[in-house]
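These notes are about the structure you will find just below.
What follows is calculated from the coordinates using simple rules that are stated; it is not laboratory data. The structure displayed is predicted, hence computed values, not measured ones. Heads up, the Cβs are rebuilt from the backbone with ideal geometry, glycines too, and the neighbour counts pull from every protein chain shown.
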Amino acid sequence: MNLNIAWLYPDLMSTYGDRGNIIAVTKRAEWRGIDVIVKDISLGTAVRELKSSDLIFMGGAQDRQQKIAGRDFLERKSPIMRDMVERGVPALFVCAAYQAVGRYYKPYQGDRIPGPGIFDLYTEHSGDQAKRLIGNVVAEILPSFWGASATPESDSGHARMTKRTTIVGFENHGGRTYLGPALKPLAKVIKGFGNNGEDGFEGAVYKHAVGSYFHGPLLPKNPLLADWLIQRALETKYGKRIPLPALDDTLEYRAQTAVLNRI
Amino acid sequence: MNIPISVIVILNNLVSRLSRFLNLGAGATWPGELALYAKPDILNDFTSDLRKGVIIVAGTNGKTTTSLMIKKILEDNGERIVHNASGANLLNGIVSACIKSASRTGRIDADWGVFEVDENSLPLLLPFMHGRQVNIVFLNLFRDQLDRYGEVDIIAEKWEKALKIRSPGDGKRGRQCADIQLIANADDPLIVSIAQKSALPTVFFGIDSPSFFLKKAEHATDSAYCPRCGRKLFYQGVYFSHLGVWSCPHCGFARPPVQASRLRSPLPGLYNLYNTRAAGCVGKLVGCTDVSIHRSLAGFTPAFGRQEEFVKDGKKIKLFLSKNPAGFNASLRTVIELKATAVLLVLNDRIPDGRDVSWIWDVDFETVPPGVQAVVSGDRVYDLALRMKYSGMTEYHREPELPRAIESALDRVRPGETLYVLPTYSAMLEVRKILTGKHIL
C-alpha cells in the first residue's frame, strides 16, 4: 500500500512547525508498512501532481506569503481541491489555510478577499486593536466527527479503543471564523478560544476534510486525528475498509497530558 | 513632573541595591522601569551626554554576541562605553544600564552607548536619539516567538516606519533628526529591503564564501520570496535559513556588494561569522584599524550562555543558547561539525522562551548523525521527546529533572570530550545556575 501526500505551498504556507503534521502522518503510515511520498505543490507545480494525491495538507502563512499564494490557489489549485474533497479525499487545513478554503476573508482594512468556498465558512478580522487569540488550547472532539467518517467502527487505533477524544494545541490568530449550515464544527473548546472566541467551537469538518485553528503541529500530540486522516485516505484510495494496526502511543499521550497539566 | 535627574539616579541606585539585597532579582531592569515612570524622556538626557553617539544592535539572533564584540573592539581602542549587558534589551534595561554608569549628578562619562535592543523596542528607542550620531546594526530577521513578536513581516514594517520618521528631510516638530548610519546584513533579503527603503547611508556586511553554502536548504525559511515583487528569489547558494547569495530574476532586486572583510570569527558557527563581520564594520566606521579589530576579536570571550564554557568532573560543557528554529538549526549544525557525541536539549515555555513550542518541528533533528546521544529535558520535555521519536533518532533519553538530566548527559561523555547543551532562554539560565552552583531564585 502507498499514499501520496500533497503538501500545498510548503515554501509559503508553513509558518510555525506545520511540517510536524506531514512528519506525523508520514511516520505513522510508514510504521505500518505503508509507503509515503510527499509532494510539494507550490506556485509552479502542475495540477496533475495535486490530482493524483490521496491526502491534502495546507498550513499557516504570514499575510505577505498568503497573498503570494492567493491567486494561484484560487485560480489553479482550489477547483481541483474542491473536486477531491467532494470525492472523499481527506484534507487538513490549518490556521491560514483553514481561513483560505472558506467563502471569504474580511481584513480589517480593505475589501473582502474571496475564497473558493470549499468550506462553508467566512472569516472576519475585527481590527488591529482587536485582541489576537493566542495561547494553549484544549478541545473535545464532537461525536458528529465520528459520524462524518464513513466507517467509524473501523477505526481500530489505540486512541479510538480507549475512547480518547481530547485534542490539544496552540492557537494564534487575529481572524474570527464563522461556520455556515453545511459545516459541522470539529470540537468543543474546553480551554482557549477556537473559531471565534464566542460560540465555544473549534475547527470544522466537511466529508473527510478537517479545518483547525490549532496551528503548526496539530497531529503529533493528537495521533487519533493523524490516524483518522490516514485511514480515510486509504479507504478512499483502495475502496475498502482497511483497519490500521495500533501503535504504541504512550509518548504521544504523555505529551498531551503534560499540556493538560500545565493549563 | 520635573524631578532632577540626579535625584532619580540616586534613588534608583538605592532601589537597585535594595532589590539585590532583598533577592528580588538581579536588579537589571527595575531601576530603568522606575526612572521611565518618573521621567519618560530620561533617555534624552543620557544620550546627549554620550560624546560620540550610540550604536544599536537589532535582529532576531546574535544581538548579545555582536554588541559584546563591538564593546570589546571600542574599549580596546580606548573608548569609554555604556552597555546593556545580559540581554536586558527593552527600554527599561537600556535606561538601567545608563543609570548604573551615571555619576551622582546623573551625568554619563562615556564616548559611546552600545545597546542591543529587542525587535519591538527599536521603534521606541529611536525617538530619544535626537541630534546624535546613531549607528544601527541590522543582523537578521528570523521567525521567533510568533506569540510574542508576531510575524517577521510585521517587525520589518515597524522598523521601516521607525526609520522613516528619523530620515533626513522629515524632521517634524518634536522629532529632531538623528544622524543615522546603517550596518546591514546583505545576505538577508528582508534586511536589505528595509535598509534600501530607508534611503539612509548603509554599509553592507555578508559572507562571500561559496564553500560554506548548504548542500540542502533547511526547512525553516522565512523569506525565500522577493520582499519587493513577491516572486521567488533565486539563490546562488544558502548559508543557512534564508541567508545567502540571492537575487530576484523578476524585478532585479539583488544582494548588494558587501564590505570586503577577511575577519575570522573567534567562535565556531557560521552565525558567529556574521556577528564578527557586523562588529568589524562598526569598528571600521568609528575609526579602528583592521589590525586592532583583529586583535580585539582574537581575545574575545563569549557572552553569557552563548558558547559559554564550563568544566565539570574533567569534562567540558558548552552552552549554545538556541531559542528559535534558525538559531537551533545553526547550533545543531555547529555541534555536529564539532563532532559532538552527546547533546542535552532543554525546552522551556516560559514568557522569555515563548509559550508556543510548535517551532521544534521546524528544527532539522533529522540531520543529527546516528550514534550521537541526546538527553532531553525542560518544562516541555515530552514535546521534545516526541520530536526525537518522529525524527528517527534512536539514542534519546528523557529526564524531566534538569539537574539529573545534566548528570545523565555528562555520563554519556568521556573525559576530555565536550557535552553540548542547547537550551531555550530560561532553560539556559537554569542550566547556568546549576553548573555554577548558585540556587535558582
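With an a/c value of 1.5 or above and a/b not larger than b/c for the gyration tensor axes a ≥ b ≥ c computed over the alpha-carbon atoms, region B:229-358 is described as oblate.
Here the residues B:SER265, B:SER211, ranked from fewest to most Cβ neighbours within 10 Å of their Cβ, fall in the order B:SER211, B:SER265. Between the beta carbons of A:ASP35 and B:THR394, assuming R0 = 25 Å, the FRET efficiency works out to 0.70 to the nearest 0.05. Backbone geometry of region A:111-120 corresponds, through the Karplus equation with coefficients 6.51, -1.76 and 1.60 at θ = phi - 60°, to 3J(HN,Hα) couplings of 7, 4, 9, x, x, x, x, 4, 9, 7 Hz, x marking Gly and Pro. With an a/c value of 1.5 or above and a/b larger than b/c for the gyration tensor axes a ≥ b ≥ c computed over the alpha-carbon atoms, region B:265-309 is described as prolate.
Over chain B, DSSP H runs of length four or greater, each weighted -39,500 (n - 2.57), average out per residue to a 222 nm ellipticity of -11000 deg cm²/dmol. Between the amide H of B:GLY113 and those of B:GLY53, B:VAL54, B:ILE55, B:VAL82, distances stay under 5 Å, these residues lying 5 or more places away or on another chain, with hydrogens modeled in the peptide plane.
By the beta-carbon count within 10 Å of each Cβ, the least crowded to most crowded order of B:THR301, B:THR334, fewest first, is B:THR301, B:THR334. Peptide B:377-388 has a mean shielding of 4, counted as Cβ atoms of other protein chains within 10 Å of each residue's Cβ.
Once divided by 2.2 N^0.38 Å, the Cα radius of gyration of chain B becomes 0.99. For region A:1-121, the relative contact order is 27 percent, taking Cα pairs closer than 8 Å that sit 6 or more residues apart in sequence and dividing their mean separation by the residue count. Rounded to the nearest Hz, the phi-derived 3J(HN,Hα) couplings of region B:197-212 under the Karplus curve 6.51 cos²θ - 1.76 cosθ + 1.60 (θ = phi - 60°) are 4, 6, 6, 7, x, 9, 9, 9, 10, x, 10, 10, 9, x, 5, 8, where x marks glycine and proline.
Per-residue 3J(HN,Hα) values for region A:239-248, derived from phi via the Karplus relation 6.51 cos²θ - 1.76 cosθ + 1.60 with θ = phi - 60°, read x, 8, 6, 10, x, 9, x, 5, 10, 7 Hz in sequence order (x marks Gly and Pro). Relative to a virtual label point 7 Å from the Cα of A:ASN2 in the Cα→beta-carbon direction, which members of region A:238-257 show backbone nitrogen distances below 16 Å? It comes to A:238, nothing else. Close amide H pairs (under 5 Å, H built 1.01 Å from N) link A:ILE113 with A:TYR105, A:LYS106, residues at least 5 positions away or on another chain. Once each part is reduced to its C-alpha centroid, what is the distance from region B:315-384 to region B:76-138 in angstrom? After rounding, the separation between the Cα centres reads 32 Å. Remark: mean inter-chain Cβ contacts per residue of A:61-69 equal 5, using a 10 Å Cβ-Cβ cutoff to other protein chain atoms.
Look at the stretch A:250-257: the mean tally of other chain Cβ atoms within 10 Å of its residues' Cβ atoms is 4. Which of rounded, prolate, oblate describes the protein assembly as shown, given a ≥ b ≥ c as roots of the alpha-carbon gyration tensor eigenvalues and a/c under 1.5 marking rounded, otherwise prolate only if a/b is larger than b/c? Prolate shape, in that a/c is at least 1.5 and a/b is the bigger ratio. Amide H contacts of A:ALA209: A:ALA91, each under 5 Å away and 5 or more positions distant or on a separate chain (H built 1.01 Å from N in the peptide plane; Pro and chain starts excluded). Remark: B:THR64, B:THR105 ranked as B:THR105, B:THR64, counting other beta-carbon atoms within 10 Å and listing the fewest first. Quick check for you: which residues of region A:13-42 have the amide N under 12 Å from the point 7 Å beyond the Cα of A:SER52 toward its beta carbon? Label zone hits: A:39.
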